[in-house]
Each structure stands twice: as C-alpha cells, then as structure tokens.
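S.K.: Okay, handing you the structure first.
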Amino acid sequence: MSDPTLTTLLFLGLAAFAAGWIDAVVGGGGLVQLPALLVGLPGASPAQLLATNKFGSIFGTATSSVTYYRRVHPDLRTALPMAAVAYVGSIGGAVIGLHIPKSAFNPIILVLLVLVGAYTLFKPDLGKESIRRYDGARHTVFAMLTGFVIGVYDGALGPGTGSFLVFALVGLLGYNFLEASAKAKITNFATNLGALTVFLPMGLVLFKVGFVIAVANLVGGYVGARTAVARGSGFVRAVFVLIVSAFIVKISGSLLGWWA
C-alpha cells in the first residue's frame with residue numbers, strides 16, 4: 001500500500017484521540033479507531049489493520065491504567081490475575097483472528113451490546129456502589145474466567161472489549177463503574193499486549209500510522225482517565241450508556257446495509 005497522506009494521518013490522529021478518551025472512560029474505543037483505519041487505509045489487509053490498531057491502543061491503555069492506579073488504587077489481587085489470563089486468551093484469539101472473517105462477528109457483537117445496554121439502562125442503581133459478589137478465591141476465579149473469555153474475543157476481533165470488561169466487572173462481580181473502569185484498563189492493556197505478541201513478529205504493524213495513533217491514543221487515554229476520576233461513577237455510567245447506544249446504531253446500520 002502507498003504511504004498515507006498528511007490529511008489521512010491527521011484524520012487518524014483525531015479518531016485515535018477520541019478512541020483513547022472513550023476507552024479510558026468506559027471502554028470501546030476500538031469501535032471508533034478500527035473503522036477509521038478501515039476508511040483511511042483502504043489498501044491495508046485486515047491483519048495489518050488489526051495489528052496497527054492494537055499497536056496504537058496499547059499506548060492509550062497503558063497511560064489510562066497508570067492514571068487510574070494512581071488515583072483510584074484498584075485491588076491488584078484481582079486485577080493482575082485477571083490480566084494475566086486475559087493476556088494468554090488474547091494470544092489464542094489473535095491466532096484465531098488471522099483465519100476467520102471479521103464480518104461474522106457483527107451480529108454477535110450487536111446482540112451482546114443490546115443486552116448490555118438494556119440491562120444497564122433498566123437498572124439505574126447498577127454500578128453506583130461496590131457490592132462485591134463472591135468471596136476470596138472464588139471472586140478471583142470468576143474474574144479470571146471473565147478475563148480469559150474477553151481476552152480471546154479481543155485478540156480475535158476487539159471492538160467493544162473495554163465496554164464488555166466494564167460491564168462484566170459491574171454486572172457479574174459487583175464493582176462500581178469507576179473501579180470497574182480501572183481494572184478493565186489493566187486487563188485491556190494485557191489483551192493488547194497479547195495480540196501484539198502474535199502480530200509484531202509477523203511484521204503486520206504499519207509503524208508510520210501506528211506511531212501517529214499511538215501518540216493520539218496516549219493523550220486521549222490520559223485526558224479520559226482524569227475526566228472519569230474527577231466526575232465519578234455516575235458520569236462513567238452515563239457515558240457507558242451513550243457509547244453502547246451509539247455502537248448499537250452503528251453496527252445495526254452496517255448489518256442492514258449488508259443484508260440489503
């Protein structure tokens with residue numbers, strides 16, 4: 001493929017900043033950044049787009065993870081085991097993702113987003129307070145199973161991973177939205193790293209574009225994490241519902257166009 005123009009790089013940089021902010025607040029930035037890469041780099045292969053997306057995203061998730069850790073102080077006794085198995089799951093998912101058509105996942109993502117969005121919208125008290133479900137080792141095991149399953153998905157495709165992690169930590173494990181976002185960022189960093197463990201040795205990352213979106217994603221992640229911490233769980237919940245709704249509309253439109 002030919003080198004991207006300055007206009008294309010600016011467009012991708014703006015999209016990556018927005019994706020980094022969304023990812024840091026509530027997750028799901030890949031549903032902004034990956035379509036932008038598809039539009040901006042029509043000559044790239046699907047594997048190159050996935051690899052470049054992961055390369056840019058890992059800088060944003062690293063920055064927001066550190067920011068959340070310093071300001072929210074999430075319990076690493078849960079976060080680190082969850083991240084470790086998510087890393088392994090993402091490696092397996094990345095290998096799977098090299099051999100399956102990405103369009104096959106759209107209906108699955110849409111159903112999951114509708115369920116997640118509806119459950120959150122109709123339970124207004126969800127995520128306001130931390131009411132941990134399960135105790136001790138059982139809690140950690142459930143967190144690890146969640147991390148592994150979502151890690152496989154992130155490695156194979158990725159869009160919406162952060163939102164699914166936040167919802168799982170809130171809905172299944174009982175965290176408030178702010179603490180869930182903090183642990184989701186640590187886990188999401190691990191899943192990005194797992195995918196890159198497969199993609200980097202294969203030479204799939206387009207580094208010129210990758211470094212542009214990495215810087216923009218990093219800045220967006222820093223700003224988003226600080227905004228979420230300052231505004232609290234109520235703000236994160238509101239953004240979560242808004243972003244999930246937007247993703248439902250976007251994917252529904254894509255599917256209707258495909259069916260037509």
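S.K.: Could you list, in sequence order, all residues of region 143-196 that are aromatic (F, W, Y), closer than 18 Å to L98 by Cα and more than 13 Å from the chain's Cα centre (by Cα)? Can you show your working first?
M.R.: Going through region 143-196, the residues aromatic (F, W, Y) turn out to be 148, 153, 164, 167, 175, 177, 189.
Imposing the further condition that a residue be closer than 18 Å to L98 by Cα reduces the set to 153.
Across region 143-196, there are no qualifying residues.
S.K.: Within region 76-116, track down each residue that is modelled with pLDDT under 70 and either charged (D, E, K, R) or in contact with a strand residue (DSSP E or B) (Cβ under 8 Å, 6 or more places away or on another chain) (or both).
M.R.: Answer for region 76-116, where residues must be modelled with pLDDT under 70 and either charged (D, E, K, R) or in contact with a strand residue (DSSP E or B) (Cβ under 8 Å, 6 or more places away or on another chain) (or both): just K102.
Here's the yes/no breakdown for (1) part of a loop (DSSP other than H, G, I, E, B); (2) at pLDDT below 90; (3) polar (S, T, N, Q):
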{"site": "S2", "(1), (2), (3)": "yes, yes, yes"}
{"site": "G13", "(1), (2), (3)": "no, no, no"}
{"site": "A16", "(1), (2), (3)": "no, no, no"}
{"site": "A19", "(1), (2), (3)": "no, yes, no"}
{"site": "I22", "(1), (2), (3)": "no, yes, no"}
{"site": "G28", "(1), (2), (3)": "yes, yes, no"}
{"site": "V32", "(1), (2), (3)": "no, yes, no"}
{"site": "V39", "(1), (2), (3)": "no, yes, no"}
{"site": "P42", "(1), (2), (3)": "yes, yes, no"}
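S.K.: Another one. Scan region 229-255 residue by residue and report those that are surrounded by fewer than 20 Cβ atoms within 10 Å (Cβ to Cβ), modelled with pLDDT of 75 or more, over 16 Å from F164 (Cβ atoms) and among the hydrophobic types (A, V, I, L, M, F, W, C). Let's see the steps before the verdict.
M.R.: Step one: of region 229-255, the residues surrounded by fewer than 20 Cβ atoms within 10 Å (Cβ to Cβ) are 230-232, 234-235, 238, 241-242, 245-246, 248-250, 252-255.
Among the residues that remain, those that are also modelled with pLDDT of 75 or more are: 230-232, 234-235, 238, 241-242, 245-246, 248-249, 252-253.
Checking which are over 16 Å from F164 (Cβ atoms) leaves us with 230-232, 234-235, 238, 242, 249, 252-253.
Of everything in region 229-255, those that are surrounded by fewer than 20 Cβ atoms within 10 Å (Cβ to Cβ), modelled with pLDDT of 75 or more, over 16 Å from F164 (Cβ atoms) and among the hydrophobic types (A, V, I, L, M, F, W, C) turn out to be A230, F235, A238, L242, V249.
S.K.: With respect to A47, is the statement that it is touching a helix residue (DSSP H, G or I) at 6+ places or on another chain (Cβ under 7 Å) and within 24 Å of T187 (Cβ to Cβ) true? Break it down into steps so the answer makes sense when it comes.
M.R.: Working: touching a helix residue (DSSP H, G or I) at 6+ places or on another chain (Cβ under 7 Å): no; within 24 Å of T187 (Cβ to Cβ): yes.
No; evaluated as a whole, the condition is false for this residue.
The values are calculated or read from the model by the stated rules, or taken from the named source; none is laboratory data. No experiment lies behind these values; they were computed from the predicted model shown. Neighbour counts run over all protein chains shown; Cβ positions are idealised from the backbone, glycine included.
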